[in-house]
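> Before anything else, here's the structure in question.
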Amino acid sequence: WWDAYAYAKWKGQRLPTEEEWEKAARGTNGNPYPWGKEPKADGANLGDDYDAKGDSGGSVDGYNLWAPVKSLRGDATSLGVTGMEGNVEEWTSTWAIHPELPDLRVPVVRGGHFALKSGDQLLTRRYFTDSADEAALARGFRTASDTQP
């Protein structure tokens, strides 16, 4: 989280809040999927075809691990934001009390990733790490700005 925070600050931007992340992911209609109301098997880079050994995988979405940004054109919202349903889960700027460790306040992670099975709650579910210092193979971030590009 600290590296993502520092990068965003260096770029003159910031990490999105949890609420901003969800709005970008679900669009103005609050869809359960970035592309709309119905699931699509190959809509996002998710773990339905993930092979942890790396011998195979990617039979559904074309990727076993990460996919290049914007490579799955179906994983896009009506606002034009891509990669929200899958590929990597993402850090947000929102911090909350860890539900299983009530003495611990941690950044909230949102979204699905390449090893997580598909479902209709990937855009609404909150994930909690054990530390802001934690890194994960399937975790990334995006930045937000308060000014127009």
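What follows is calculated from the coordinates using simple rules that are stated; it is not laboratory data. Only a predicted model underlies this, so the values are computations on that prediction, with no experimental measurement involved. Here the Cβ positions follow ideal geometry from the backbone for every residue, glycine too, while neighbour counts run over all protein chains shown.
> Pop out the ³J(HN,Hα) list for the range 26-35 in order, Karplus 6.51 cos²θ - 1.76 cosθ + 1.60 with θ = phi - 60°, rounded to Hz; leave Gly and Pro as x.
9, x, 6, 8, x, 5, x, 10, x, 8
> Moving on. List the residues, sorted by chain then number, that are 5 or more residues from Arg142 or on another chain and whose placed amide H is less than 5 Å from its amide H.
Trp91
> Okay, next question. Over all distinct alpha-carbon pairs, what is the Kirkwood Rh of the range 6-64 in angstrom?
On the way: mean 1/r = 0.0715 Å⁻¹.
Final number for the Kirkwood radius of the range 6-64 is 14.0 Å.
> What is the distance in Å between the Cα centres of the range 66-100 and the range 8-37?
Between the Cα centres of the range 66-100 and the range 8-37 lies a distance of 8 Å.
> Follow-up question, since we're still on this one. Exactly which trypsin sites (Lys or Arg not before Pro) in the range 64-114 are in a DSSP loop and have at most 12 other Cβ atoms within 10 Å?
Numbers: sites: Lys70, Arg73, Arg105, Arg110; in loops: Lys70, Arg73.
Taking the range 64-114 and a limit of 12 other Cβ atoms within 10 Å, the loop trypsin sites (Lys or Arg not before Pro) found are Lys70, Arg73.
> Can you list the residues, at least 5 places off or on another chain, whose amide H is less than 5 Å from the amide H of Thr94, using H built in the peptide plane?
HN-HN under 5 Å from Thr94: Glu18, Val108.
> May I ask which of Lys9/Lys70; Lys9/Lys53; Lys40/Lys70; Lys23/Lys70; Lys11/Lys40; Lys9/Lys37 have a Cα-Cα span longer than 27 Å here?
Values: Lys9/Lys70 24 Å; Lys9/Lys53 36 Å; Lys40/Lys70 17 Å; Lys23/Lys70 19 Å; Lys11/Lys40 34 Å; Lys9/Lys37 35 Å.
Flagged as over cut-off: Lys9/Lys53; Lys11/Lys40; Lys9/Lys37.
> For the chain, report the % of Cα-Cα distances exceeding 28 Å. All intermediate terms of the calculation are to be shown ahead of the outcome.
Details: 1970 of 11026 pairs.
Roughly 18 percent, once rounded to a whole number.
> Right, here's the next one. Calculate how many DSSP beta bridges within the chain are antiparallel, expressed in % of all such bridges and rounded to the nearest 5. Could you put the intermediate results ahead of the total?
Details: 11 of 13 bridges.
So the antiparallel bridges in the chain amount to around 85 percent.
> Determine the calculated [θ] at 222 nm for the chain from helices alone, applying -39500 (n - 2.57) to every DSSP H run no shorter than 4 residues and normalising by the residue count; nearest 500 deg cm²/dmol. Present the calculation step by step, with values, prior to reporting the outcome.
Numbers: 2 runs with 18 residues, N = 149.
-3500 deg cm²/dmol, from helical runs alone.
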